[in-house]
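See structure below.
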Amino acid sequence: MKGNNIYKPVKAKVREVIDESPTIKSFVLEPERKFYFKTGQFIEVALDGIGEAPFTPSSSPLIAEQLEVTVMKTGHVTEKMHQMQGGETVGIRGPFGRGYPLEKLYGKEVLIIGGGCGFAPLRSLLYNLEAEKEKIKKVTFCYGSKNPKECIYEPYIQKLRNINEFEVMRTVDDADETWTEEVGVATVLLDKVDVNINESVAVVVGPPIMMKFSVQKLEEMGYPDKKIYLSMEKNMSCAVGKCGHCMMGEYFVCKDGPVFRYDEIKDKPDIWK
Ligand SMILES: Cc1cc2nc3c(=O)[nH]c(=O)nc-3n(C[C@H](O)[C@H](O)[C@H](O)COP(=O)(O)OP(=O)(O)OC[C@H]3O[C@@H](n4cnc5c(N)ncnc54)[C@H](O)[C@@H]3O)c2cc1C
Ligand code: FES
């Protein structure tokens with residue numbers, strides 16, 4: 001986090017806008033000074049006169065000169081972001097919260113389950129693990145999306161498939177004639193993974209319903225709750241543990257999360273809402 005004041009927005013130029021799917025775009029941001037974050041931490045992106053919204057960078061945490069956010073169009077701020085062409089200036093604040101516990105993944109088999117735009121924070125994690133692949137046994141990445149057009153980061157998937165330590169399995173809810181991989185919800189992939197559960201840690205990111213059923217399946221497979229990590233998304237405002245918008249039980253998701261171990265939060269109210 002060297003050099004970042006999390007309260008003060010840093011100006012960042014939108015260098016490139018990448019169409020990832022009909023509903024998702026990535027924004028390559030060049031901050032006016034180096035911007036450090038840890039994989040899984042989030043930032044607030046502010047548009048002048050419009051508002052601010054939280055996003056988890058989808059780029060490598062090892063690059064401080066440039067960062068990328070991948071954004072699904074859902075409402076006011078994200079709609080305006082989707083209208084950007086490149087060349088605009090935004091504000092970024094952060095990084096905030098607790099990211100992925102990399103030290104708990106070292107020496108292990110890492111099973112990663114992502115759904116939809118949940119691939120965004122996971123791409124940052126995958127970049128990090130890729131750079132440190134000698135520290136992990138293997139990575140199995142299971143990715144589910146609605147349909148082939150909503151499958152994001154195709155070139156990165158192809159790249160990962162060429163790395164020995166990485167296996168990528170994908171599924172879509174609704175296939176078309178172009179699709180040659182699995183069909184069904186993300187959990188169908190868990191029936192096919194080849195992991196040594198005793199040596200493995202699981203990471204799940206996606207829409208709440210997908211995370212709920214993925215966790216249930218992981219428990220059935222024998223994963224202890226202490227070895228399942230989730231990245232939670234709650235409505236946020238201040239992002240620094242002051243306003244209480246993001247509370248889940250006694251936790252502030254913005255400060256204590258967004259990444260939690262499942263046993264820490266399994267009994268909290270509204271965890272899947
Ligand atoms: C820690 C964190 C990381 C996130 N990372 C990403 C990311 O990498 N990419 C991405 O596309 N989105 C991400 N989100 C979700 C993103 O912040 C919301 O989609 C965004 O705030 C919506 O803003 P808006 O002004 O466009 O929508 P609004 O006009 O505010 O709302 C539109 C609809 O979205 C709902 N909504 C608003 N905020 C959230 C939220 N945080 N979670 C769930 N529903 C919400 C509202 O209730 C409403 O129904 C993240 C959220 C959090 C908390
Ligand atoms: S967003 Fe304000 S306390 Fe978490």
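At-a-glance table
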| quantity | calculated |
| --- | --- |
| Only one of Val259, Val253, Val240 that is within 14 Å of ligand 2 (Cβ to nearest atom) and within 16 Å of the chain's Cα centre (by Cα) | Val253 |
| Members of segment 28-57 found to be farther than 14 Å from Thr89 by Cα and in a loop (DSSP other than H, G, I, E, B), listed by number | Lys34, Phe35, Tyr36, Phe37, Lys38, Thr39, Gly40, Gln41, Thr56, Pro57 |
| Residue that is nearest to ligand 1 (Cβ to nearest atom) [pool: residues in segment 245-258 that are more than 12 Å from Phe42 (Cβ to Cβ) and open to solvent by 30 Å² or more (accessible area, probe 1.4 Å)] | His245 |
| Which listed residue, of Thr74, Thr39, is at pLDDT 95 or above and away from ligand 2 (no atom under 16 Å from the Cβ) | Thr39 |
| Test result for Met236, touching a residue at least 12 places away in the same chain (Cβ under 8 Å), within 28 Å of Phe42 (Cβ to Cβ), within 13 Å of ligand 1 (Cβ to nearest atom) and touching a His at 6+ places or on another chain (Cβ under 7 Å) | yes |
| Scope segment 166-186; condition modelled with pLDDT under 95 and either under 19 Å from Ser58 (Cβ atoms) or assigned to a helix (DSSP H, G or I) (or both); matching residues | Ala186 |
| Check on Gly222, more than 9 Å from ligand 1 (Cβ to nearest atom), without any contact (Cβ under 8 Å) to a residue 40 or more places away in the chain, surrounded by fewer than 17 Cβ atoms within 10 Å (Cβ to Cβ) and more than 22 Å from Thr187 (Cβ to Cβ) | no |
| Index of the failed condition, Lys268 passing every other in (1) of a type outside the set (S, T, N, Q); (2) within 16 Å of ligand 2 (Cβ to nearest atom); (3) within 27 Å of Gly51 (Cβ to Cβ) | (3) |
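The values are calculated or read from the model by the stated rules, or taken from the named source; none is laboratory data. Note that the structure is predicted; figures quoted are calculated from it, not measured. Cβ sites come from the backbone with ideal geometry, for glycine too, and all protein chains shown count toward neighbours. Side chains are part of the model used for accessible areas, which takes the heavy atoms of the whole protein and leaves out ligands, DNA and RNA. Shrake-Rupley method; radii C 1.70, N 1.55, O 1.52, S 1.80 Å.
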